[in-house]
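See structure below.
The values are calculated or read from the model by the stated rules, or taken from the named source; none is laboratory data. Bear in mind the structure is a predicted one, so any value in this text is a computation, not a measurement. Neighbour counts run over all protein chains shown; Cβ positions are idealised from the backbone, glycine included.
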Amino acid sequence: MKGIIFDFDGLIVDTETVWYEAFKETLFEKHAIELDLAGYSNCIGTGNEILYQYFREIAGNSVDCEQIEEEAFNKYKDKMKEPLLREGVKAYLDEAKEYNLVIGLASSSSRDWVHSYLEQLRIIDYFEVINTKEDVSRVKPDLELYIKTLRDCNLLPTEVIVFEDSLNGLNAAKQAGIRCVIVPNDVTRNLVFKDHDYELHSMSQEALCDVIQKIAST
């Protein structure tokens with residue numbers, strides 16, 4: 001094993017739970033609609049168009065998705081004033097550095113979004129490669145983000161483990177031929193994950209070296 005690749009939203013920082021709460025409040029206030037957790041969870045880890053399509057399904061084709069997102073973002077900012085790393089993330093980064101693993105990041109979010117959090121949390125220097133939606137023509141569940149990140153890291157799919165929290169991320173990693181560890185958050189925990197290589201409640205559950213050994217032995 002020569003490298004690990006992280007997703008960002010929901011995995012490094014649990015932005016997804018806060019976004020869900022913000023969208024849930026906005027949709028109820030604007031349209032008296034209860035946002036279904038299972039339906040919303042399927043939109044995580046990909047581009048906004050999938051989310052907008054879901055909003056049109058539950059609120060009608062005339063719904064102003066951009067306005068909903070704008071109002072939800074204002075709520076999100078109020079809720080997410082001091083972002084925190086998910087449990088075990090910093091330990092995994094430190095352990096990966098100790099083992100001289102290449103550390104990459106592949107996110108369907110924007111570059112500014114990802115970089116601002118990494119800088120605020122003072123972990124950006126851990127990542128040798130960071131790819132976001134601006135770096136590809138198609139985001140997850142398409143495999144392009146992972147193929148580009150592998151190429152930029154100068155690694156083969158068999159030399160890497162991906163850490164993801166969503167079905168879209170899992171599908172992208174597996175299409176790229178990479179082994180994938182699922183670390184769900186409170187929003188994605190209800191999803192049925194299949195074909196993944198391992199699952200953790202959080203990265204604090206097991207040391208990175210133990211996870212690598214278990215996956216390498218399968």
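Six or more apart or on different chains, Cβ atoms under 7 Å: show the pairs whose first residue is in segment 45-62 and under 18 Å from Ser109 (Cβ atoms) and whose second is at pLDDT below 90 and part of a loop (DSSP other than H, G, I, E, B).
If the second residue must be at pLDDT below 90 and part of a loop (DSSP other than H, G, I, E, B), the pairs left are Ile50/Cys43; Leu51/Cys43; Tyr54/Cys43.
Could you look through segment 12-55, keep only residues that are part of a helix (DSSP H, G or I) and β-branched (Val, Ile, Thr), and pick out the one that is modelled with the lowest pLDDT?
Initially, segment 12-55 is screened for residues part of a helix (DSSP H, G or I), giving 15-31, 37-41, 48-55.
After this cut, where a residue has to be β-branched (Val, Ile, Thr) as well, the list is 15, 17-18, 26, 50.
Working: Thr15: 94, Thr17: 91, Val18: 93, Thr26: 94, Ile50: 86.
Of everything passing the filter in segment 12-55, Ile50 is modelled with the lowest pLDDT.
Going by what's in this entry, would Ser107 be described as of a type in the set (S, T, N, Q) and touching an Asp or Glu at 6+ places or on another chain (Cβ under 8 Å)?
Against the criterion (of a type in the set (S, T, N, Q) and touching an Asp or Glu at 6+ places or on another chain (Cβ under 8 Å)), Ser107 qualifies.
Can you tell me which residue within segment 173-218, out of those that are charged (D, E, K, R) and not in a loop (DSSP other than H, G, I, E, B), is surrounded by the most Cβ atoms within 10 Å (Cβ to Cβ)?
For segment 173-218, the residue satisfying everything is Lys174.
Given the condition assigned to a helix (DSSP H, G or I), surrounded by fewer than 18 Cβ atoms within 10 Å (Cβ to Cβ) and over 16 Å from the mean Cα position of the chain (by Cα), answer yes or no: does some residue in segment 104-115 qualify?
No, the conditions are met nowhere in segment 104-115.
Out of Glu119, Glu164, I need the residue that is crowded, with 22+ Cβ neighbours inside 10 Å and either over 22 Å from Val181 (Cβ atoms) or charged (D, E, K, R) (or both). Which one?
Only one candidate passes the filter, namely Glu164.
Give segment 63-83 a look and list any residue that's farther than 28 Å from Ala106 by Cβ, part of a helix (DSSP H, G or I) and touching a helix residue (DSSP H, G or I) at 6+ places or on another chain (Cβ under 7 Å), or say none.
Glu71
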